[in-house]
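Asker: Below are the C-alpha cells for one structure; questions will follow.
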Amino acid sequence: MTHKEKAFHLLHQQYHCSQALFGAFAEDFGLDLKTALKISTCFGGGMRQGGVCGCITASMLVLGMGFGFYDSQDRELEVYGNKKTDEFIELFMEKMGGCVNCRDILGKDISRPEEMAAIRKEGLILQRCPEAINASIEILETILEEYLKKVKESSIRLEDIPKNHEVRNILKGKNNIPDFRRNVNELLFASSRNIAFIQFDIRKFKIINDIYGEKIGDEILDFIMVQLEECCHKKQYFVNLRSDVFMVVTEYEEEQELLELIKQLNSRINSFKDIKLQLSYGVYTVEDREMEQRQMEDRAAMARKTAKNNILTNIIFYKEQFKLSLYNKKFIEENMQAAITDRQFMMYLQPKYSIAKNEIIGAEALVRWSHPERGMIYPNQFIPIIEENGFIKKVDYYIWAEACRFIKRCEDEGIMTCPVSVNVSRVHLQDNECVQMLSEMIEGNGISKGLLELEITESADDQQISLKALQLKEAGFTLLMDDFGSGYSSLNILLETPFDVIKLDKKFMENMMVSGKGRMILEQVVLMADKLELGLLAEGVETKEQIDLLESIGCDQVQGYYYAKPMPEEEFFALLKKQHVMGAS
Ligand code: C2E
Ligand code: CA
Ligand code: CA
C-alpha cells in the first residue's frame, strides 16, 4: 500500500488526520501501527483550539523520524532539519491556499462544541482533511526521497536512515541489533577493562554486487558473519548493522590487540573464494562511559568513513577533530556561494620590503572570509576545501579583481604604485580560462600588466605548471614561484618554467636558521637565483636575526611579520601614502 492508501484506510476507520498521516509512515520507521497511533493521538489538542492543522504536526514528526536527529552536537543535521521543516510548511501553505490552521482549512471553528459535533457527524473524510493529508504526503515523500539520495551520495549518517525493512536477517536470530546493544550496554557498565568499537565495511560493495551478482554479495555477508562467530569469543559482541556494515565491540588492554584482531578478521574474510575484498575499519576506543552508546557507534562510523577515503591505510582510530572537520567542510560548502554574493570575502594586503632601503616594494593580496556569525575565517581553514570542489576559481577571480581595483586606485590617487601579487590556485592550471580572465581584468581597469604579479605554488604538478606558466608568461605577466623549498621538485620546475622570482618558503627559512649547513644552502640558493637572473624574496621573516642573515648573504627582498602582518586595504593604502609623502619631501 502507498502512504496515501494507508492514510485513507485509517481515515475511514475514524482515526483523525494526524493519526492517519503518521500511521501511514509508521512501518518506514519500524514502528508498529498501534504505537504510532498512540504517539500521534495527542496532536488533537492544538487542533481543537483551532490551532495548527494536525497534518502539519504529524508531518513534523515524520520528518523528525526520517532525519533521525537526536544528537544535540550534530549542528549540521539540525540545520538541515530546520531548513526542511520550514520548506515543508511553505509548500503546505502553497498547496492549501495559504492556510495552516485547522479553523481556516475546515472553514469551521472546531473549538466550539456544536461545530465540532457537526464535523464529527459528517466525518473527517468529507472535509478538506483528505486534501491536507494528500498535500502533506506528497511533500513528505519528496523531502524524504531527496534526503535519502543526499545521504547515499555523501555517505554521511547512513546509519540513521530508517531502513529496518532493508536489514537482512543473516544467520537468522543471531543478528539481533537490540540484543547486541543490550549486551554492549552491560559490558560498558560491568567491565573494568578498556573497550573499543570496531566498525567495518567493504569498499565498493555495490560494484561487487554488480559484477558477481547479488547472490554472491549475500554469500559474502553470510561468510563474514560466520568468520565473526569463529573469531570472537564470548565477551566480544558483533552485529551486522545493515547491508555490508558490521560492528564488533571488544575489551582490550593494548591498542596492539585491536590491530591484531582486525588483522586476523581481515585475512579470514579475504579467504572467500577468489574475490579480493578491501575492508575499511574505524575504531573508537571508549573514554567516557557515560556517553550514549549510539554516539560511540557514530564515532566508530566516522572513523570508518575516513578510512574509506584514505589510500594509505584501511584502519583509522577516531579523533576528536573528525566531527569538527566534517562539520567545517559542510559549513563551508553551504556558505561559500553566499559569501561571494554578500561580499564576505575580503582582500588583505601584506607588504613586501627591501631590507636595504627599508621601504615597501610591493604587496601580496591574501583572502580573508569575514563571516557574519563565525567571524574571521583564515584561508587555511577553507582553501583546501574549495580547491577540492573548484569554488576557489570564483574566490580567486574576486581577489584578482580587488587587486586590480586597488592598483587602479593608487594610480588614480597619484601615489607611488608598487606591484601587487595574487595567488593563482593550481585549480586554474587545469583549464584555459585564467589567462583570458587576467588579461581582461588588466584591460578593464586600464592598468599596467607589470603591476599585477602572479604567485604559483611550487608544489603543483610540474608539467601542468610549466605549460600554463608559459602561456601566462607569453601573455606578459610576472611569475613568482611560491613556497620554494617546501616541496621536492622545485629545481625541476625551475628548469622548465620561466619564473621571474622565487619566494622562499617560511619553513625553508626556519630550517636555515638552525644550522651552519642551512646557512650554506641558503647562500647557494642566492647564488643560483643570481645566476639564473631570478629575483628572490624570503617569506615568513619574523626576527631581526633572520633579517641580518638574509642581508649578509645578499637577499634583500622580504615579507613577514617582522615588518608587517597582512592588513586591510585601507591600512596598507595609508602606509603607501605615508611612504610616498616622505619620499617626495
Ligand atoms: P602563502 O601564499 O604562502 O601566503 C603567505 C602566508 O604566510 C599568509 O597566510 C601570510 O599571512 C603568512 N605569513 C606572512 N608572514 C608571516 C610570518 O612572518 N610568519 C608566519 N607564521 N606567517 C606569515 P594566510 O594569509 O593565512 O594564507 C595562507 C595560504 O592560503 C597562502 O599561503 C596561500 O597559499 C593561500 N591563500 C591566501 N589567499 C589566497 C587567495 O586569494 N587565493 C589562493 N588561491 N590562495 C590563497
Ligand atoms: Ca602566496
Ligand atoms: Ca608562500
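Asker: Of all the residues that make up segment 332-358, how many are open to solvent by less than 60 Å² (accessible area, probe 1.4 Å), more than 16 Å from ligand 3 (Cβ to nearest atom) and touching a residue at least 40 places away in the same chain (Cβ under 8 Å)?
Answerer: So in segment 332-358, the residues open to solvent by less than 60 Å² (accessible area, probe 1.4 Å) come out as 332, 335-336, 338-340, 344-345, 347-355.
With more than 16 Å from ligand 3 (Cβ to nearest atom) added as a condition, the list becomes 332, 335-336, 338-340, 344-345, 347, 354-355.
Next cut, touching a residue at least 40 places away in the same chain (Cβ under 8 Å) only: 332, 336, 340, 345, 347, 354-355.
Going through segment 332-358 one residue at a time, the tally reaches 7.
Asker: Limited to segment 369-391, what total is found for residues that are within 16 Å of ligand 3 (Cβ to nearest atom) and either within 27 Å of Gln436 (Cα to Cα) or charged (D, E, K, R) (or both)? Explain how you work it out, then say what you get.
Answerer: If we filter segment 369-391 for residues that are within 16 Å of ligand 3 (Cβ to nearest atom), which is where we start, we get 378-380, 383-384, 387.
Next, only the ones that are either within 27 Å of Gln436 (Cα to Cα) or charged (D, E, K, R) (or both) stay: 379, 383-384, 387.
Residues in segment 369-391 being within 16 Å of ligand 3 (Cβ to nearest atom) and either within 27 Å of Gln436 (Cα to Cα) or charged (D, E, K, R) (or both): 4 in total.
Asker: Now for a different question. Considering only residues that are within 11 Å of Ala475 (Cβ to Cβ) and open to solvent by 10 Å² or more (accessible area, probe 1.4 Å), which ones fall in segment 443-455?
Answerer: Lys449
Asker: Criterion first (modelled with pLDDT under 90, in a helix (DSSP H, G or I) and either within 16 Å of ligand 2 (Cβ to nearest atom) or among the β-branched types (Val, Ile, Thr) (or both)) does Ala460 satisfy it? Walk me through how you get there before you give the answer.
Answerer: Details: modelled with pLDDT under 90: yes; in a helix (DSSP H, G or I): no; either within 16 Å of ligand 2 (Cβ to nearest atom) or among the β-branched types (Val, Ile, Thr) (or both): yes.
No: the conditions fail for Ala460.
Asker: Would you mind listing the helices (runs of 4 or more DSSP H) fully within segment 211-324 where at least 2 residues are at pLDDT 90 or above, polar (S, T, N, Q) and over 30 Å from Ser72 (Cβ atoms)?
Answerer: In segment 211-324, the matching helices (runs of 4 or more DSSP H) lie at 255-269.
Asker: Check every one of the helices (runs of 4 or more DSSP H) wholly within segment 491-585 and list those with 1 or more residues that are among the aromatic types (Phe, Trp, Tyr) and within 16 Å of ligand 3 (Cβ to nearest atom). Spell out how you get there, then give the answer.
Answerer: Numbers: elements: 506-513, 516-531, 544-553, 569-584.
Because the criterion is at least 1 residues that are among the aromatic types (Phe, Trp, Tyr) and within 16 Å of ligand 3 (Cβ to nearest atom), the helices (runs of 4 or more DSSP H) in segment 491-585 that meet it are 506-513.
Asker: Of all residues in segment 494-524, count the ones that are within 16 Å of ligand 1 (Cβ to nearest atom) and closer than 21 Å to Glu453 by Cβ.
Answerer: 9
Asker: How many residues does segment 547-562 hold that are open to solvent by 10 Å² or more (accessible area, probe 1.4 Å), closer than 25 Å to Ala365 by Cβ and either within 16 Å of ligand 2 (Cβ to nearest atom) or free of Cβ contacts under 8 Å to residues at least 12 places away in the same chain (or both)?
Answerer: Residues flagged as open to solvent by 10 Å² or more (accessible area, probe 1.4 Å), closer than 25 Å to Ala365 by Cβ and either within 16 Å of ligand 2 (Cβ to nearest atom) or free of Cβ contacts under 8 Å to residues at least 12 places away in the same chain (or both) within segment 547-562 amount to 2.
Asker: Is it the case that some residue within segment 51-58 is under 28 Å from Asn328 (Cα atoms), hydrophobic (A, V, I, L, M, F, W, C) and within 36 Å of the chain's Cα centre (by Cα)?
Answerer: To start, the set of residues in segment 51-58 that are under 28 Å from Asn328 (Cα atoms) comprises none.
No; the residues of segment 51-58 include none that is under 28 Å from Asn328 (Cα atoms), hydrophobic (A, V, I, L, M, F, W, C) and within 36 Å of the chain's Cα centre (by Cα).
Asker: Output the residues belonging to segment 97-113 that are among the hydrophobic types (A, V, I, L, M, F, W, C) and more than 37 Å from the chain's Cα centre (by Cα).
Answerer: Cys99, Cys102, Ile105, Leu106, Ile110 - these are the residues of segment 97-113 that are among the hydrophobic types (A, V, I, L, M, F, W, C) and more than 37 Å from the chain's Cα centre (by Cα).
Asker: Could you look through segment 182-192, keep only residues that are in contact with a helix residue (DSSP H, G or I) (Cβ under 8 Å, 6 or more places away or on another chain) and either closer than 15 Å to Tyr284 by Cβ or assigned to a loop (DSSP other than H, G, I, E, B) (or both), and pick out the one that is most open to solvent (accessible area, probe 1.4 Å)?
Answerer: Pass one, segment 182-192, residues in contact with a helix residue (DSSP H, G or I) (Cβ under 8 Å, 6 or more places away or on another chain): 184-185, 188.
Add one more test, that the residue is either closer than 15 Å to Tyr284 by Cβ or assigned to a loop (DSSP other than H, G, I, E, B) (or both), and what stays is 184, 188.
Working: Val184: 0, Leu188: 16 Å².
Among those residues, the one meeting the criterion is Leu188.
Asker: Scan segment 289-307 for residues that are open to solvent by 70 Å² or more (accessible area, probe 1.4 Å) and out of contact with any Leu (no Cβ under 6 Å at 6 or more places or on another chain) and report the count. Lay out the reasoning, then the answer.
Answerer: Restricting attention to segment 289-307, the residues satisfying the condition of being open to solvent by 70 Å² or more (accessible area, probe 1.4 Å) are 289-290, 292, 294.
Filter once more, keeping what is out of contact with any Leu (no Cβ under 6 Å at 6 or more places or on another chain): 290, 292, 294.
Qualifying residue count for the region: 3.
Asker: Can you give me the number of residues within segment 470-482 that are within 15 Å of ligand 1 (Cβ to nearest atom) and outside any strand (DSSP E or B)? First the steps, then the outcome.
Answerer: Residues of segment 470-482 that are within 15 Å of ligand 1 (Cβ to nearest atom), as a first pass: 472, 479-482.
Restricting the remaining residues to those that are outside any strand (DSSP E or B) gives 472.
Count: 1.
Asker: Looking at Lys503, Lys507 in this structure, which one is surrounded by fewer than 14 Cβ atoms within 10 Å (Cβ to Cβ) and within 16 Å of ligand 2 (Cβ to nearest atom)? I'd like the intermediate steps shown before the answer.
Answerer: Details: Lys503 fails: surrounded by fewer than 14 Cβ atoms within 10 Å (Cβ to Cβ).
Just one listed residue meets the conditions, Lys507.
Asker: Among the residues of segment 240-272 satisfying the criterion of being in contact (Cβ under 8 Å) with a residue 12 or more places away in the chain and of a type in the set (Lys, Arg), which is nearest to Phe223 (Cα to Cα)? Reasoning before the result, please.
Answerer: Quick first cut of segment 240-272, residues in contact (Cβ under 8 Å) with a residue 12 or more places away in the chain only: 240-253, 255, 258-259, 261-262, 264-266, 268-269, 272.
When the remaining residues are screened for being of a type in the set (Lys, Arg), the result is 242, 268.
Values: Arg242: 15, Arg268: 9 Å.
Top of the filtered list is Arg268.
Residue-by-condition table, conditions (1) modelled with pLDDT under 95; (2) among the hydrophobic types (A, V, I, L, M, F, W, C); (3) not in a helix (DSSP H, G or I):
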| position | (1), (2), (3) |
| --- | --- |
| Asp396 | no, no, no |
| Phe406 | no, yes, no |
| Met416 | yes, yes, yes |
| Ser421 | no, no, yes |
| Leu438 | no, yes, no |
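Asker: When only residues in segment 90-116 that are aliphatic (A, V, I, L, M) and at pLDDT below 75 count, which is most open to solvent (accessible area, probe 1.4 Å)?
Answerer: Start the filter on segment 90-116 by keeping residues that are aliphatic (A, V, I, L, M), which leaves 91, 93, 96, 100, 105-106, 110, 116.
If we keep only those that are at pLDDT below 75 as well, we get 110, 116.
Values: Ile110: 12, Met116: 38 Å².
Filtering first and then ranking leaves Met116.
Asker: For segment 466-474, check the following and say yes or no: at least one residue is within 20 Å of Ile361 (Cα to Cα), open to solvent by less than 30 Å² (accessible area, probe 1.4 Å) and modelled with pLDDT of 90 or more. Full working, then the answer.
Answerer: Here is the first cut: in segment 466-474, the ones within 20 Å of Ile361 (Cα to Cα) are none.
No; the residues of segment 466-474 include none that is within 20 Å of Ile361 (Cα to Cα), open to solvent by less than 30 Å² (accessible area, probe 1.4 Å) and modelled with pLDDT of 90 or more.
Asker: Then there is this: Which one is surrounded by the fewest Cβ atoms within 10 Å (Cβ to Cβ), of the residues in segment 251-269 that are over 20 Å from Lys305 (Cα atoms) and in contact with a helix residue (DSSP H, G or I) (Cβ under 9 Å, 6 or more places away or on another chain)?
Answerer: Taking the candidates together, the pick is Gln264.
Asker: Which of the numbered conditions does Leu522 fail, given that it passes all the others? Conditions: (1) within 35 Å of the chain's Cα centre (by Cα); (2) open to solvent by less than 60 Å² (accessible area, probe 1.4 Å).
Answerer: The failed condition is (1).
Asker: Here is a list of conditions, (1) within 16 Å of ligand 2 (Cβ to nearest atom); (2) among the β-branched types (Val, Ile, Thr); (3) surrounded by fewer than 13 Cβ atoms within 10 Å (Cβ to Cβ), and Val514 meets all of them except one; can you say which number that is?
Answerer: Going through (1) within 16 Å of ligand 2 (Cβ to nearest atom); (2) among the β-branched types (Val, Ile, Thr); (3) surrounded by fewer than 13 Cβ atoms within 10 Å (Cβ to Cβ) one by one, Val514 breaks only (1).
Asker: A further question follows. Does Gly560 qualify as being small (Gly, Ala, Ser) and within 37 Å of the chain's Cα centre (by Cα)? So that I can check it myself, show each step before the final result.
Answerer: Details: small (Gly, Ala, Ser): yes; within 37 Å of the chain's Cα centre (by Cα): yes.
Criteria met by Gly560.
Asker: Can you find, within segment 359-387, the residue that is farthest from the chain's Cα centre (by Cα) among those that are more than 13 Å from ligand 1 (Cβ to nearest atom) and open to solvent by 20 Å² or more (accessible area, probe 1.4 Å)? Spell out the reasoning first.
Answerer: Our first condition is that a residue be more than 13 Å from ligand 1 (Cβ to nearest atom); within segment 359-387, this holds for 359-362, 370-375.
Now drop any that are not open to solvent by 20 Å² or more (accessible area, probe 1.4 Å), which leaves 359, 361, 370, 372-375.
Details: Glu359: 42, Ile361: 39, Ser370: 19, Pro372: 19, Glu373: 18, Arg374: 16, Gly375: 19 Å.
Restricting to residues being more than 13 Å from ligand 1 (Cβ to nearest atom) and open to solvent by 20 Å² or more (accessible area, probe 1.4 Å), the top hit is Glu359.
Asker: Go through segment 475-500 and report how many residues are more than 16 Å from ligand 2 (Cβ to nearest atom) and at pLDDT 90 or above.
Answerer: Number of matching residues: 2.
Asker: Something else: Do we find a residue being open to solvent by less than 100 Å² (accessible area, probe 1.4 Å), touching a residue at least 24 places away in the same chain (Cβ under 8 Å), of a type in the set (Asp, Glu) and under 19 Å from Ser421 (Cβ atoms) anywhere in segment 530-546?
Answerer: Scanning segment 530-546 turns up at least one residue that is open to solvent by less than 100 Å² (accessible area, probe 1.4 Å), touching a residue at least 24 places away in the same chain (Cβ under 8 Å), of a type in the set (Asp, Glu) and under 19 Å from Ser421 (Cβ atoms).
The values are calculated or read from the model by the stated rules, or taken from the named source; none is laboratory data. It should be emphasised that the depicted structure is a prediction, and the values quoted were computed from it without experimental measurement. Because the Cβ atoms are built from the backbone with ideal geometry, glycine has one as well, and the counts that use them run over all protein chains shown. Ligands, DNA and RNA are excluded from the accessible area calculation, which covers all protein heavy atoms including side chains. Shrake-Rupley method; radii C 1.70, N 1.55, O 1.52, S 1.80 Å.
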